[in-house]
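Remarks on the structure that follows.
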Amino acid sequence: MADNAAGAPIALEHICDRIEKARQRFGAPPEKVELVAVSKTFGPEVIEPFLASGQRVFGENRVQEAKEKWPALRERYPDIKLHLIGPLQTNKAREAVALFDVIQSVDRDKLAGILAEEMARADKRIPCFVQVNIGDEEQKAGIAVAETVDFVTRCRQVHGLDIIGLMCIPPDGKPAGPYFAQLAVLGRAAGAENLSMGMSGDFETAIAMGATHVRVGSALFGYRPKVQ
Ligand SMILES: *Cc1c(COP(=O)(O)O)cnc(C)c1O
């Protein structure tokens, strides 16, 4: 799809248009749905036309890859907001704090504690989402559904993290709507006002359920060989 300079503005406009239509159709808040353009696996030459078209919020799922790609792009576009949307190992927390503007994958106490330490050390306070294992799947990252509200409280009160919302990736191969609805319920219970949910295949459903952030990759950047 949009893997060249001509295609990028069209793909971006098309997705922004679908986001806005979904937001209006379903009426309810939020006032704004943030498009997080998921650029993992794509090089700067693919990302650049999206920056030139005005997109500033991007998502990456690996610290190492973000470190290779984004510092140079940031020099030219200082107002970029980079979200970490993939699992974070505690030994990468320092680099993550240096590179990212939002961390969406806080999902365990040890990580929350180390992130808090690294933010204090860097004198930086980075807004975070708690990632919820919304299908309670064995292999999946995220805090268990039943522990979510307590974990959010603990992140805030014990670690002093700025938890601004919840994030989830619903199970493959099942309708996502009920999982998105459940994340919204948990968000209200935890007092976490933002919901990061919905990807290329289901972001409109997520918006209907109250998503404030949608994470869209392939619908913007085109086919991505399945490496992760
Ligand atoms: C890759 C990825 C996305 C984007 O997926 P698409 O289906 O390409 O839109 C969204 N969220 C997370 C956590 C991802 O890893």
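The values are calculated or read from the model by the stated rules, or taken from the named source; none is laboratory data. A quick note: this is a predicted structure, and the numbers were derived from the prediction, not measured. Cβ placement follows ideal geometry from the backbone for every residue including glycine, while neighbour counts extend to all protein chains displayed. To get the accessible areas, we keep the full protein, side chains included, count just its heavy atoms, and leave off ligands, DNA and RNA. Shrake-Rupley method; radii C 1.70, N 1.55, O 1.52, S 1.80 Å.
Worth pointing out:
- Selected residue (criterion: nearest to the ligand (Cβ to nearest atom)) from residues of the stretch 50-63 that are of a type outside the set (D, E, K, R) and under 20 Å from CYS128 (Cβ atoms): ASN61
- Some residue of the stretch 69-77 being modelled with pLDDT of 95 or more, within 16 Å of the ligand (Cβ to nearest atom), more than 17 Å from the chain's Cα centre (by Cα) and over 26 Å from ASP202 (Cα atoms): yes
- The set of residues from the stretch 78-105 being among the hydrophobic types (A, V, I, L, M, F, W, C) and within 16 Å of the ligand (Cβ to nearest atom) comprises LEU82, LEU84, ILE85, LEU88, ALA96, PHE100, VAL102, ILE103.
- Test: residue in the stretch 114-134 that is within 16 Å of the ligand (Cβ to nearest atom) and surrounded by fewer than 23 Cβ atoms within 10 Å (Cβ to Cβ): yes
- Positions within the stretch 195-212 being near the ligand (Cβ under 8 Å from one of its atoms) and over 17 Å from PHE58 (Cβ atoms), in sequence order: GLY201
- Any pair with Cβ under 6 angstrom, 6 or more apart, that starts in the stretch 47-61 at a residue that is without any contact (Cβ under 8 Å) to a residue 24 or more places away in the chain and open to solvent by less than 20 Å² (accessible area, probe 1.4 Å) and ends at one that is within 16 Å of the ligand (Cβ to nearest atom) and of a type in the set (Phe, Trp, Tyr): none
- Residue list for the stretch 159-169, restricted to those being part of a loop (DSSP other than H, G, I, E, B) and either in contact (Cβ under 8 Å) with a residue 40 or more places away in the chain or open to solvent by less than 40 Å² (accessible area, probe 1.4 Å) (or both): HIS159, GLY160, LEU161
- Any hit, the stretch 28-47, residues being part of a helix (DSSP H, G or I), in contact with a strand residue (DSSP E or B) (Cβ under 9 Å, 6 or more places away or on another chain) and within 16 Å of the ligand (Cβ to nearest atom): yes
- Output for the stretch 175-194, where each listed residue is within 16 Å of the ligand (Cβ to nearest atom) and either closer than 15 Å to ASP107 by Cα or at pLDDT below 95 (or both): LEU183
- Among the criteria (1) under 19 Å from ILE85 (Cβ atoms); (2) surrounded by 15 or more Cβ atoms within 10 Å (Cβ to Cβ), the one GLY201 does not fulfil is (2).
- Residues that are near the ligand (Cβ under 9 Å from one of its atoms) and in a strand (DSSP E or B) were ranked within the stretch 213-228; the one that is farthest from GLU48 (Cα to Cα) is VAL214.
- Hits in the stretch 66-113 - residues which are open to solvent by less than 30 Å² (accessible area, probe 1.4 Å) and in a helix (DSSP H, G or I): ALA66, LYS69, TRP70, LEU73, ALA93, ALA96, VAL97, LEU99, LEU111, ALA112, GLY113
Residues checked against (1) in contact with a Cys (Cβ under 8 Å, 6 or more places away or on another chain); (2) buried (at least 17 other Cβ atoms within 10 Å of the Cβ); (3) aliphatic (A, V, I, L, M); (4) not in a helix (DSSP H, G or I):
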| position | (1), (2), (3), (4) |
| --- | --- |
| ASP136 | no, no, no, yes |
| GLN139 | no, no, no, yes |
| VAL149 | no, yes, yes, no |
| VAL152 | no, yes, yes, no |
| GLY173 | no, no, no, yes |
| PRO178 | no, no, no, no |
| ALA211 | no, yes, yes, yes |
